[in-house]
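The values are calculated or read from the model by the stated rules, or taken from the named source; none is laboratory data. The shown structure was predicted, so the numbers you read here are calculated from the model rather than taken from an experiment. Cβ coordinates were reconstructed from backbone atoms using ideal geometry, including for glycine residues, and neighbour counts include every protein chain displayed. Keep in mind that these areas ignore ligands, DNA and RNA; they rest on the heavy atoms of the full protein, side chains included. Shrake-Rupley method; radii C 1.70, N 1.55, O 1.52, S 1.80 Å.
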Amino acid sequence: MKTAAAIEVRDLRKTYQVRDGGSWRGKTREITALDGISFTVPAGEIAGFIGPNGAGKSTAIKILSGILRPTSGTVRVGDLVPWENRIAHVARIGVVFGQRTQLWWDLSVAEGLALLRDIYSVEPERFRRNRDRLAEALDLNGIMDQSVRQLSLGQRMRAEIAAALIHDPDVVILDEPTIGLDAPSKLAVRAFVRDLRRERGTTVLLTTHDMHDIEALADRVIVIGHGRILADSPFEALQATTLSERILEADFTGPPPDLFLPDGAVETERGTRCVTITFDPQRLPAPALVAHLSKLPGLGDLRIGRPAIEEIITRFYADHAS
Amino acid sequence: MTIRPYVTSFVLQWKIGLRYRLAVLAGLVAQMWFGAISLMAYAAVYHHAPDVNAPMTLRQAMTYTWIQQSFFTLLPLGCLPAIGEAAKSGAIVYDLLRPVDLWNWWLSASLARLLGNAVPRAILLAVVAGPLAALVGLNGWSLAPPASFEAALLAVVSFVLGAFISASIVMWWNIIAARTLSPLGTYAVGTPLAVLLSGMLLPLPLYPDWARELLLLQPFAGISDIPIRLYMGMPIPGGILAALGIQCFWLLALTVIGRFWMNRTVSRMEVQGA
């Protein structure tokens, strides 16, 4: 039956050889994509893997999928080393690359799933059960007979997720599964991933640029930047510190006046008619900040939002440098 | 290890190939046209030099040409389009994520693509250039039947080996496409190479003496030249066993070296982007 699989990564390094100038005469140069990362994901946990573009997320995902061989370090998924037992390893994992399609453009969703049944040698009985369950949970019944090229992005992504799960993988790697989706489709994908873990105890590694995905799903968050792990903590811990921070943008009718901000808020940017303030709602609740600002002359519009992942990472660097 | 995924891959590409029926018909017309022009050229050459002791009779040259034209799409003209596209877009990662032997997986797809294109054309062309041509009085220009029953059997075995050799060469193009992240180079180099060395442009038996035996020893001769010689019962240096031996040798060599090269490629592959 099912073996409890977990991901274990120890001191993983990967360097690429890059040729400058693109010609055969250019000098080769080494680029370090992963600079010794270590982490563990226990069976049945959903781990969020976040970081800016070029941080090494994709490289790590490719190594975990068995596509790429690292320069050094060890990885175990279940009891297998991905790049050494590629065929046995990939039979037990499911992968969705949000920006690429694994279904066949010329075939219908149903035909594609049947093809995957043969590729993964899923027994007919189990295949029928899984297909019906996935079609129900991902709302695919209406599009089973449509060819993949006719699907909308949201429909296609739901079909892609079904395709990655038709063989009951123990470990699922979702690389940007909600990219480009509209709000209802994002909610559907998140609900499905949550149920998957609850009902089957599937281990999930999720990369995303959408903090809402992380908030809705992740038990744990691993932050990666410049090929290193910057933080690895339970979601609540990260939320209490870094993710709790909010950004307020205030527009003024003229040049902004001096703000005299209370504790817990810092002015981070000043334009000709706009000021950006970063604040910690636990020290200074948003209504209090708004009340303070509304006393200022010439105040126009107010907008409150979260910092982008890129900014969070930037601050991680600052914290680590000091 | 089960054979099921490879059969599935074969059936899929076969179906995709058959979806383009209009292309089959258009290709057929083009090949009939080129076939007819070559035949007229051979007829002119042979009639102006009746005393030369040619290595093939005019009738053999015509039959050779018809079969070559029917099997034009069996030649390894470049990589499998689906693999070339996947290499370019990066979707090739999904091929590496399948629990299958990648060589057999791509080979079965490549073979299906070649046969799916070639077999329907070959049957149509054989009917048109064979019995139909004979019926309308073009007997001298038609496709001759096999030299004997044994020759037909040998030719079938040899054609099957030829199809596998061709698919193995396509595999080499697939590897090159995966390495260069583009299918274009494989078509640019593969098409002229295959057309020239297979005997498609000029039958290999008609090359000058010094080149003839050398040409028989290269892998492209095993795709259609050797099977056609066996079909027509033409003498082959070294005999029938040598002919089949050359085919088996190339199939084995292309597979063993190709697999090694592919493993190296896959283990060093750096798929771009997220």
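Going by the structure shown, is B:Phe249 under 25 Å from B:Ile176 (Cα atoms), free of Cβ contacts under 8 Å to residues at least 40 places away in the same chain and touching a helix residue (DSSP H, G or I) at 6+ places or on another chain (Cβ under 9 Å)?
Values: under 25 Å from B:Ile176 (Cα atoms): yes; free of Cβ contacts under 8 Å to residues at least 40 places away in the same chain: yes; touching a helix residue (DSSP H, G or I) at 6+ places or on another chain (Cβ under 9 Å): yes.
Answer is yes for this residue.
Would you say A:Gly48 is farther than 21 Å from B:Trp105 by Cα, more than 13 Å from chain B (Cβ to nearest Cβ), touching a helix residue (DSSP H, G or I) at 6+ places or on another chain (Cβ under 8 Å) and assigned to a loop (DSSP other than H, G, I, E, B)? Step through it out loud before you land on a result.
On the way: farther than 21 Å from B:Trp105 by Cα: yes; more than 13 Å from chain B (Cβ to nearest Cβ): yes; touching a helix residue (DSSP H, G or I) at 6+ places or on another chain (Cβ under 8 Å): yes; assigned to a loop (DSSP other than H, G, I, E, B): no.
No; evaluated as a whole, the condition is false for this residue.
Quick check on segment A:130-138. Is at least one of its residues open to solvent by 20 Å² or more (accessible area, probe 1.4 Å), under 21 Å from A:Phe192 (Cα atoms), in contact with a helix residue (DSSP H, G or I) (Cβ under 7 Å, 6 or more places away or on another chain) and of a type outside the set (S, T, N, Q)? Even if it seems obvious, please write down each step before you answer.
Quick first cut of segment A:130-138, residues open to solvent by 20 Å² or more (accessible area, probe 1.4 Å) only: A:131-133, A:136-137.
From the residues that got through so far, the ones that are under 21 Å from A:Phe192 (Cα atoms) too are A:131-133, A:136-137.
Within this subset, residues satisfying the condition of being in contact with a helix residue (DSSP H, G or I) (Cβ under 7 Å, 6 or more places away or on another chain) are A:131, A:137.
So of that shortlist, the ones also of a type outside the set (S, T, N, Q) come out as A:131, A:137.
Checking segment A:130-138: at least one residue is open to solvent by 20 Å² or more (accessible area, probe 1.4 Å), under 21 Å from A:Phe192 (Cα atoms), in contact with a helix residue (DSSP H, G or I) (Cβ under 7 Å, 6 or more places away or on another chain) and of a type outside the set (S, T, N, Q).
Can you spot a residue in segment A:144-155 that is within 14 Å of chain B (Cβ to nearest Cβ), open to solvent by 10 Å² or more (accessible area, probe 1.4 Å), touching an Asp or Glu at 6+ places or on another chain (Cβ under 8 Å) and closer than 24 Å to B:Ile16 by Cβ?
Taking segment A:144-155 as the starting set, the residues that turn out to be within 14 Å of chain B (Cβ to nearest Cβ) are A:147-149.
Checking the rest, the ones that are also open to solvent by 10 Å² or more (accessible area, probe 1.4 Å) come to A:147, A:149.
Within this subset, residues satisfying the condition of being touching an Asp or Glu at 6+ places or on another chain (Cβ under 8 Å) are A:147, A:149.
Among the residues that remain, those that are also closer than 24 Å to B:Ile16 by Cβ are: A:147, A:149.
Yes, segment A:144-155 contains a residue that is within 14 Å of chain B (Cβ to nearest Cβ), open to solvent by 10 Å² or more (accessible area, probe 1.4 Å), touching an Asp or Glu at 6+ places or on another chain (Cβ under 8 Å) and closer than 24 Å to B:Ile16 by Cβ.
Give me the residue from segment B:1-22 that is open to solvent by less than 100 Å² (accessible area, probe 1.4 Å) and free of Cβ contacts under 8 Å to residues at least 60 places away in the same chain and, out of that set, nearest to the other protein chains (Cβ to nearest Cβ).
Pass one, segment B:1-22, residues open to solvent by less than 100 Å² (accessible area, probe 1.4 Å): B:2, B:5-14, B:16-18.
So of that shortlist, the ones also free of Cβ contacts under 8 Å to residues at least 60 places away in the same chain come out as B:2, B:8.
Numbers: B:Thr2: 6, B:Thr8: 4 Å.
It comes out as B:Thr8.
When the residues of segment A:99-110 are filtered to those that are within 9 Å of chain B (Cβ to nearest Cβ) and not aliphatic (A, V, I, L, M), which remaining residue is nearest to A:Pro177 (Cα to Cα)?
A:Gln99
Can you spot a residue in segment B:46-64 that is farther than 24 Å from B:Arg229 by Cα and more than 14 Å from every other protein chain (Cβ to nearest Cβ)? Outline the logic, then answer.
Initially, segment B:46-64 is screened for residues farther than 24 Å from B:Arg229 by Cα, giving B:48.
Imposing the further condition that a residue be more than 14 Å from every other protein chain (Cβ to nearest Cβ) reduces the set to B:48.
Yes, there is a match, as at least one residue in segment B:46-64 is farther than 24 Å from B:Arg229 by Cα and more than 14 Å from every other protein chain (Cβ to nearest Cβ).
On the given criteria, is B:Ile228 within 15 Å of the chain's Cα centre (by Cα), in contact (Cβ under 8 Å) with a residue 24 or more places away in the chain and not in a loop (DSSP other than H, G, I, E, B)? Spell out how you get there, then give the answer.
Details: within 15 Å of the chain's Cα centre (by Cα): yes; in contact (Cβ under 8 Å) with a residue 24 or more places away in the chain: yes; not in a loop (DSSP other than H, G, I, E, B): yes.
When the stated conditions are applied, B:Ile228 passes them.
In segment B:207-225, how many are open to solvent by 10 Å² or more (accessible area, probe 1.4 Å) and assigned to a loop (DSSP other than H, G, I, E, B)?
Adding up the residues that qualify gives 4.
With segment A:80-154 as the region, which helices (runs of 4 or more DSSP H) entirely inside it contain at least 1 residues that are touching a Leu at 6+ places or on another chain (Cβ under 8 Å) and under 19 Å from B:Ser89 (Cβ atoms)?
Numbers: elements: A:86-91, A:109-119, A:124-137.
Output list reads A:109-119.
Considering each of A:Val81, A:Val41 in turn, give the residue that is free of Cβ contacts under 8 Å to residues at least 12 places away in the same chain, more than 10 Å from chain B (Cβ to nearest Cβ) and of a type in the set (A, V, I, L, M).
Matching residue, one of A:Val81, A:Val41: A:Val81.
Could you check segment B:82-91 and list, in sequence order, the residues that are closer than 23 Å to B:Tyr20 by Cβ and within 11 Å of another protein chain (Cβ to nearest Cβ)?
Applying the first criterion (closer than 23 Å to B:Tyr20 by Cβ) to segment B:82-91 yields B:82-89, B:91.
Once the filter is applied, which keeps residues that are closer than 23 Å to B:Tyr20 by Cβ and within 11 Å of another protein chain (Cβ to nearest Cβ), segment B:82-91 yields B:Ala82, B:Glu85, B:Ala86, B:Ser89, B:Ala91.
State whether the residues of segment A:266-289 include one that is open to solvent by less than 80 Å² (accessible area, probe 1.4 Å) and closer than 20 Å to A:Glu176 by Cα.
Within segment A:266-289 (the criterion being open to solvent by less than 80 Å² (accessible area, probe 1.4 Å) and closer than 20 Å to A:Glu176 by Cα), the answer is no, since none of the residues qualifies.
With respect to the numbered conditions (1) surrounded by fewer than 18 Cβ atoms within 10 Å (Cβ to Cβ); (2) away from chain A (no Cβ under 14 Å), which one is the sole condition not fulfilled by B:Asn104?
If we test B:Asn104 against (1) surrounded by fewer than 18 Cβ atoms within 10 Å (Cβ to Cβ); (2) away from chain A (no Cβ under 14 Å), just (2) comes out false.
Name, by its number, the condition in (1) hydroxyl-bearing (Ser, Thr, Tyr); (2) open to solvent by less than 50 Å² (accessible area, probe 1.4 Å); (3) at pLDDT 90 or above that does not hold for A:Thr40.
The failed condition is (2).
Residues checked against (1) modelled with pLDDT of 85 or more; (2) over 30 Å from A:Gly56 (Cα atoms); (3) of a type outside the set (A, V, I, L, M, F, W, C):
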position: A:Leu248; (1), (2), (3): yes, yes, no
position: A:Leu261; (1), (2), (3): yes, yes, no
position: A:Gly264; (1), (2), (3): yes, yes, yes
position: A:Thr278; (1), (2), (3): yes, no, yes
position: A:Leu284; (1), (2), (3): yes, yes, no
position: A:Pro287; (1), (2), (3): yes, yes, yes
position: A:Gly298; (1), (2), (3): yes, yes, yes
position: A:Ala318; (1), (2), (3): no, no, no
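Would you please name the residue that is surrounded by the fewest Cβ atoms within 10 Å (Cβ to Cβ), looking only at residues in segment B:31-63 that are of a type in the set (S, T, N, Q) and more than 21 Å from the chain's Cα centre (by Cα)? So that I can check it myself, show each step before the final result.
Start the filter on segment B:31-63 by keeping residues that are of a type in the set (S, T, N, Q), which leaves B:31, B:38, B:53, B:57, B:60, B:63.
Still in the list and also more than 21 Å from the chain's Cα centre (by Cα): B:53, B:57.
Details: B:Asn53: 4, B:Thr57: 12.
Across segment B:31-63, the extreme among qualifying residues is B:Asn53.
Pick from segment A:164-189 the residues that are part of a helix (DSSP H, G or I) and under 25 Å from A:Ala114 (Cα atoms): which of them is most open to solvent (accessible area, probe 1.4 Å)? Walk me through how you get there before you give the answer.
Step one: of segment A:164-189, the residues part of a helix (DSSP H, G or I) are A:164-165, A:183-189.
Within this subset, residues satisfying the condition of being under 25 Å from A:Ala114 (Cα atoms) are A:164-165, A:185, A:188-189.
Values: A:Ala164: 3, A:Leu165: 11, A:Ser185: 17, A:Ala188: 43, A:Val189: 4 Å².
Of everything passing the filter in segment A:164-189, A:Ala188 is most open to solvent (accessible area, probe 1.4 Å).
For segment B:107-129, what are the residues that are open to solvent by less than 10 Å² (accessible area, probe 1.4 Å) and more than 14 Å from chain A (Cβ to nearest Cβ)?
B:Ser110, B:Ala118, B:Leu125, B:Ala129
Return the only residue of A:Ser65, A:Ser72, A:Ser121 being of a type in the set (Ser, Thr, Tyr) and more than 7 Å from every other protein chain (Cβ to nearest Cβ). Let's see the steps before the verdict.
On the way: A:Ser65 fails: more than 7 Å from every other protein chain (Cβ to nearest Cβ); A:Ser121 fails: more than 7 Å from every other protein chain (Cβ to nearest Cβ).
Selected residue: A:Ser72, the only one of A:Ser65, A:Ser72, A:Ser121 that is of a type in the set (Ser, Thr, Tyr) and more than 7 Å from every other protein chain (Cβ to nearest Cβ).
Could you tell me which numbered condition A:Asp251 fails, if it satisfies all but one of (1) in contact (Cβ under 8 Å) with a residue 40 or more places away in the chain; (2) crowded, with 20+ Cβ neighbours inside 10 Å?
With respect to (1) in contact (Cβ under 8 Å) with a residue 40 or more places away in the chain; (2) crowded, with 20+ Cβ neighbours inside 10 Å, A:Asp251 is out only on (2).
Return the total of residues in segment A:84-116 being at pLDDT 90 or above and surrounded by 21 or more Cβ atoms within 10 Å (Cβ to Cβ).
Matching residues across segment A:84-116 total 10.
Only one of B:Gly199, B:Gly190 is within 18 Å of B:Trp250 (Cα to Cα), touching a residue at least 12 places away in the same chain (Cβ under 8 Å) and in contact with a Cys (Cβ under 8 Å, 6 or more places away or on another chain); which? Can you show your working first?
Details: B:Gly199 fails: in contact with a Cys (Cβ under 8 Å, 6 or more places away or on another chain).
Exactly one residue qualifies, and that residue is B:Gly190.
Filtering segment B:258-274 down to residues that are at pLDDT 90 or above and open to solvent by less than 90 Å² (accessible area, probe 1.4 Å), which residue is nearest to the other protein chains (Cβ to nearest Cβ)?
Step by step, filter segment B:258-274, then rank; the result is B:Met262.
Taking A:Gly54 as the residue in question, decide whether it is within 13 Å of chain B (Cβ to nearest Cβ) and open to solvent by 60 Å² or more (accessible area, probe 1.4 Å). Can you show your working first?
Values: within 13 Å of chain B (Cβ to nearest Cβ): yes; open to solvent by 60 Å² or more (accessible area, probe 1.4 Å): yes.
Yes, satisfied.
When you look at A:Val96, is it within 9 Å of chain B (Cβ to nearest Cβ) and either among the acidic types (Asp, Glu) or under 20 Å from A:Asp170 (Cα atoms) (or both), yes or no? Before you say what the answer is, go through the steps one by one.
Values: within 9 Å of chain B (Cβ to nearest Cβ): no; either among the acidic types (Asp, Glu) or under 20 Å from A:Asp170 (Cα atoms) (or both): yes.
So A:Val96 fails the test.
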